[in-house]
Amino acid sequence: MRVQFWGTRGSIAKPGRSMARYGGNTSCIEARSARGTLIIVDCGTGGHSLGQNLMSASAKGLRGHILISHTHWDHIQGIPFFAPLFVPDNEWDIYGPKGLGQSLRETLAGQMQYNYFPVTLDQCEAKIRYHDLVEGTFDIDDIKVSTHYLNHPALTLGYRLEADGVAVVYACDHEPHSRMLATGHGEITGQDLRHAEFINRADLLIHDAQFTAEEYPAKIGWGHSTVEYVVKLSKYAEVKRAALTHHDPLRDDDAIDRLLASIRARLREDASSLDVFAAVEGQVVEVAPSPEKGPARRAGEFQAQTPIEPALAESSVLLGIADTEMAAAFSEVIRAEGIHVEFLSDMDEARKLISKDRPSLAILEHDPPRIDGMETCRAIRQQDNGHEHQLPVVMVAAQGDQAPGAAAGVTDWLIKPFTGAYAQTKIYAWLLRTACQWMRGGIPEDEERRLARPPVHARRAPMPQKGTENKRFSENVISTDKSALLWMYCREIAPFETPTFSKKVGELIARATKHPSETRNLSAAN
Ligand SMILES: [Zn+2]
Ligand SMILES: [Zn+2]
């Protein structure tokens, strides 16, 4: 497989002399199988030069596929400038993560509304098909594609491309699940282990490496990896070559050189066979098969293009959150997408709800002695012991206690502080995953009875609170510092998101800056 980098910069295009060697254009890579199948992964500003290059080779009759990791600007801004989309007789398939409430096509059309761009998406003359993807696999001609949700404050898919006996993995943008691993230390467990499995034995791994371990503490929640994390994971997953990309817009060429030199020195000390390089705009990498083959794709894996709306529509979420403000904010975000919310009041209730309603996700808070989420999690695991599909449990806590968490059966963590977008994305990713599992597992026998149940909205009151009256959602979720709020607000509305999302963020900010007495009134309304 032949891979060419057309954009290697993260977040924003950054032209200039000091960036000229590694390049200033944002994420875009081209991959071609030996048979000629063309896949483009992400279409940031680098997509403009790629489009020009494709046009110079053959203007008409072009056939290609664009995989979008997520719809943050730096990954889609090249689409309106990608010339092959404007040529009749060309055929393009565009794929991206299925959002809730808005299709990929609608989101992409958003950046081409008349007040942003003079030509609308409908005016592209090529034949364009849109595909909303979930986690799973599918084929593009001779290339096998696998998708995997990444950890980012927007639904984001990593792509694994397999053809010609090689595997190329693209994982941008992604933040380590464990904050310890972000520093390059600690054990690879939980969702980081799932991520390692996804990149396992890649011949070429193209990975977000925007930050360093030293910079990371100031960048928690930005949704990006550190070079130390990429190196640690690559070694563990026996990756052959790792291309660091999504270079920080503040890191110039000389700084990238220094970073790379220090990584290579450490790899030499460890006598590691891992080859790490920093991706250069324009660089071509011929990926040749290695004697040791990676794991072949398992038969019967879930089709990433399956419409999962029927399963999603009947999803419900169990909330075991003691903090009233946080519980209210979570339930609001979940209900906004038409998904039922159940509040856990005690263990017996939890057991009944799990066997009766088969929820798609449980979100528990762990903040002892106020609330013991681990204990609830253990009770849930006893309940669903023996079920084919375990209920995913996301634990909200001040820190991820990986070992006790794994023993209690925690699936994933939401570590404070986190932004509304992070929480929302994590919830949606798990709802989508569970819906996929459902579809894969077939419709249960008692489905009709389950669907006939009355709507659960407000069927139960939130669990009784202990001394949390004056504790505000913002204290747990986002900093109350106004400048930090504004910073997060700007970051979160910058990407193209659904109108519902923008409304929610606005409400969260308004709530976080309100006086506690007003906040109580707001939560009472839920
Ligand atoms: Zn990005
Ligand atoms: Zn992003």
Mind checking which residues of the range 1-21 are among the charged types (D, E, K, R) and within 11 Å of ligand 1 (Cβ to nearest atom)? R9
Using beta carbons and a limit of 6 Å, which pairs, at least six apart or on different chains, have the first residue in the range 134-154 and within 16 Å of ligand 1 (Cβ to nearest atom) and the second one of a type in the set (D, E, K, R)? Y149/E135; N151/E175; H152/D173
Only one of F198, F211 that is in contact with a Ser or Thr (Cβ under 6 Å, 6 or more places away or on another chain) and at pLDDT 95 or above: F211
Looking only at the range 66-93, count how many residues are away from ligand 2 (no atom under 16 Å from the Cβ), of a type outside the set (F, W, Y) and in contact with a His (Cβ under 9 Å, 6 or more places away or on another chain). 2
Here is a list: E349, E337. Which entry is open to solvent by 30 Å² or more (accessible area, probe 1.4 Å) and under 27 Å from M439 (Cβ atoms)? E337
Which condition number in (1) of a type in the set (A, V, I, L, M); (2) open to solvent by 20 Å² or more (accessible area, probe 1.4 Å); (3) over 25 Å from the mean Cα position of the chain (by Cα) is the one that L85 fails? (2)
Failed condition for H247, given (1) within 22 Å of K219 (Cα to Cα); (2) away from ligand 2 (no atom under 16 Å from the Cβ); (3) surrounded by 15 or more Cβ atoms within 10 Å (Cβ to Cβ), with all others met? (2)
Have a look at D74, D42, D93 and point out the one that is under 27 Å from Q305 (Cα atoms), of a type in the set (D, E), in contact (Cβ under 8 Å) with a residue 12 or more places away in the chain and more than 16 Å from ligand 1 (Cβ to nearest atom). D93
For the range 336-373, how many residues are in contact with a strand residue (DSSP E or B) (Cβ under 6 Å, 6 or more places away or on another chain) and assigned to a helix (DSSP H, G or I)? 3
Considering only strands (runs of 3 or more DSSP E) wholly within the range 119-228, the ones with at least 3 residues that are open to solvent by 40 Å² or more (accessible area, probe 1.4 Å) are 127-133
When you look at R241, is it over 25 Å from H72 (Cβ atoms) and either without any contact (Cβ under 8 Å) to a residue 24 or more places away in the chain or open to solvent by 20 Å² or more (accessible area, probe 1.4 Å) (or both), yes or no? yes
Listed residues G7, G44, G99, G110; which is modelled with pLDDT of 95 or more and out of contact with any Asp or Glu (no Cβ under 6 Å at 6 or more places or on another chain)? G7
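So that you can scan it fast, the table gives a plain yes or no per residue for (1) open to solvent by less than 10 Å² (accessible area, probe 1.4 Å); (2) within 15 Å of ligand 2 (Cβ to nearest atom):
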site: R2; (1), (2): no, no
site: G7; (1), (2): yes, yes
site: S33; (1), (2): yes, no
site: I39; (1), (2): yes, no
site: C43; (1), (2): yes, yes
Might you let me know whether the range 236-259 holds any residue that is within 26 Å of V394 (Cα to Cα), more than 16 Å from ligand 1 (Cβ to nearest atom) and either of a type in the set (G, A, S) or at pLDDT below 95 (or both)? yes
State whether one or more residues within the range 399-414 are open to solvent by less than 10 Å² (accessible area, probe 1.4 Å) and among the small types (G, A, S). yes
Taking Y114 as the residue in question, decide whether it is more than 16 Å from ligand 2 (Cβ to nearest atom), open to solvent by 20 Å² or more (accessible area, probe 1.4 Å) and at negative phi. yes
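The values are calculated or read from the model by the stated rules, or taken from the named source; none is laboratory data. Since we're looking at a predicted model, the values are computed, not measured. Virtual Cβ from ideal backbone geometry, glycine too; neighbours counted across all protein chains shown. Surface accessibility is based on the protein's heavy atoms, side chains included, excluding ligands, DNA and RNA. Shrake-Rupley method; radii C 1.70, N 1.55, O 1.52, S 1.80 Å.
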